[in-house]
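Quick notes on the structure that follows.
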Amino acid sequence: MPERDDPETIGRRVQRLRRERGLTQRQLAEPAYTPAYISTLEAGKVRPSDEALRHLARRLGVGFEELAIGRPARLVTDLRLRLTGAQRTLAMGEAQEAAGLYAELLAEAERHGLVEEQATALLGLGECGLDTGDIVAARGHFERAERALADAPLPARVPALRGRAVSHYLAGELRYAVYLLESTLDELNRGGLHDPDALLLLYTGVIAPYMDMGAHARAAQAAEFALALAPQAGDPALVARMHRSVARTLLAEGRTAEADASLAKAAEMYRQLKIRTELANCHWMRGYVYAQNGDLERAEGELRAAQDMLSSQRSALYSSQVAVELADVLHRRGKSEEAAALLHGVLGDLSPERGAVHSAAAHRLLGIIAEDARDTEAAEEHYVRALSLLERAGAAGDLADLCRLLGDLLRRTGRVEAALDAYRTGLGHRTAPGTTTLGPAPAQPPL
């Protein structure tokens with residue numbers, strides 16, 4: 001138990017509880033102590049012994065800890081149960097309601113100096129921020145959780161570090177997100193801190209920024225490590241998230257059937273765990289798999305299911321990102337007007353600081369639609385805006401293709417020199433994807 005409060009604080013607490021219960025000093029003192037002793041204690045002029053506090057606690061009907069340090073009996077157990085309830089609310093997709101619960105629990109944990117519970121509430125608030133698209137607030141919560149856990153071992157700080165990295169990734173800061181994840185992996189592996197859940201969380205988290213940066217070999221290696229760690233992990237939700245992320249690397253390698261099987265595993269686990277937001281993300285990824293495989297009708301169905309689930313949960317950022325993927329499928333199915341309307345509708349929810357890669361994808365697709373309609377001026381404007389977003393984010397994986405589209409457009413409109421510049425820019429990103437932005441790979445785990 002933490003060191004007890006000072007005599008004055010304990011005295012005021014005893015007096016408050018005695019008055020709340022309508023007891024006189026004599027009634028509280030009997031039979032072991034005198035009214036004069038209680039009067040001196042309440043005035044803060046004597047430090048009560050453990051025996052005296054236990055007597056007073058029995059007479060007042062409270063726990064020993066509540067008198068000694070102001071912490072009600074069963075407070076920690078009750079707080080943890082309520083934190084689990086808030087986590088369940090978030091899993092069902094009610095991010096705003098969960099945020100309210102976490103905020104109340106955080107205030108209570110701070111009031112009683114419960115550091116671990118403060119960190120758990122802050123992590124929950126961070127996840128709520130990611131779900132609702134409030135990236136700046138999410139990052140602030142994750143940073144506060146890290147500070148609260150500053151004295152804890154590194155594996156305990158990993159969820160906060162991973163959350164901060166995800167918030168930077170969603171804000172379009174891919175290189176910094178990778179730096180955070182890789183440096184933490186390196187510290188864990190080189191330091192012998194081989195916590196399977198912590199390692200799995202980090203390897204799973206680094207796959208998406210690797211892919212967007214064009215570092216496909218690194219992404220494939222991270223997926224390989226994640227698959228090897230999964231049997232040792234204790235959290236089934238982590239394993240489900242791993243299957244969803246690994247599917248992206250499998251798809252990049254042309255292993256479509258395996259990618260679909262990986263997503264099916266993840267979806268089934270999320271159904272069992274009743275984690276609705278992640279289940280929506282599985283529909284999203286399956287739609288992407290079907291789109292890449294040319295099955296556009298099934299792709300549209302999966303993406304619409306994902307968007308309906310996310311919209312009903314008010315997950316604005318993720319819903320907007322799904323809309324971009326859906327618009328691509330609609331355009332390929334000949335529904336370009338519907339696609340353009342969908343893109344214009346969600347661009348307000350995306351920005352350089354909030355979903356930069358998907359914002360660029362929206363402008364890229366609007367450029368293609370404008371080109372099809374022979375509006376070259378609008379097409380060029382969209383391509384240039386997309387290029388600016390991708391360069392700022394360091395998303396080398398998509399830059400080369402966009403430079404080709406812009407170069408082709410400039411060449412067709414007679415601007416050959418400008419077209420050559422665009423092609424050269426694209427070739428620079430195509431030659432060695434990822435190598436210009438990433439340092440040495442982190443140390444490997446002992447698998």
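Between SER315, SER39, SER388, the GNM of the chain built on Cα springs shorter than 10 angstrom shows SER39 fluctuating the most. Summed over qualifying helices (DSSP H, 4 residues or more, each -39500 (n - 2.57)) and divided by its residue number, the chain shows a 222 nm mean residue ellipticity of -25000 deg cm²/dmol. To the nearest ten degrees, helix 396-412 and the longest principal axis of the Cα atoms of the chain are 30 degrees apart. Put in order of Cβ neighbour count within 10 Å, fewest first, the listed residues CYS403, CYS282 become CYS403, CYS282. Sorting VAL14, VAL416 from the fewest to the most surrounding beta carbons within 10 angstrom yields VAL416, VAL14. Placing +1 on the Cβ of every Lys and Arg and -1 on the Cβ of every Asp and Glu, with nothing else charged, gives the chain a dipole about its Cα centre of roughly 1220 debye. Charge dipole (Cα centre; +1 on Lys/Arg Cβ, -1 on Asp/Glu Cβ; no other charges) of segment 47-185 amounts to roughly 340 debye. Taking semi-axes √(5λ) of the Cα gyration tensor in Å as calculated from this structure, the corresponding entry among (1) 31, 27, 22; (2) 41, 27, 19; (3) 55, 22, 20 is (3).
Within segment 1-57, the trypsin sites (Lys or Arg not before Pro) that combine a DSSP coil assignment with at most 13 other C-beta atoms in a 10 angstrom radius are ARG21, LYS45.
Rounded to the nearest 20, the size of the Cβ-charge dipole of segment 7-69 about its Cα centre is 200 debye, with Lys and Arg at +1 and Asp and Glu at -1. Length available on full extension from LEU193 to THR77: 0.36 nm per residue minus the Cα-Cα distance, which gives 38.9 nm.
Helix 75-91 axis versus longest C-alpha principal axis of the chain: approximately 20°, rounded to the nearest ten. Phi angles across segment 335-347 convert, under the Karplus curve 6.51 cos²θ - 1.76 cosθ + 1.60 with θ = phi - 60°, into 3J(HN,Hα) values of 9, 5, 5, 5, 4, 4, 4, 5, 5, 4, x, 9, 4 Hz, Gly and Pro given as x.
Helix 7-20 axis versus longest C-alpha principal axis of the chain: approximately 80°, rounded to the nearest ten.
Read-outs: derived from the displayed coordinates by stated rules, not from any lab. Because the structure is predicted, anything quoted here is derived from the model rather than measured. Ideal geometry is used to build each Cβ from the backbone, glycine not excepted, and the neighbour counts take in all protein chains shown.
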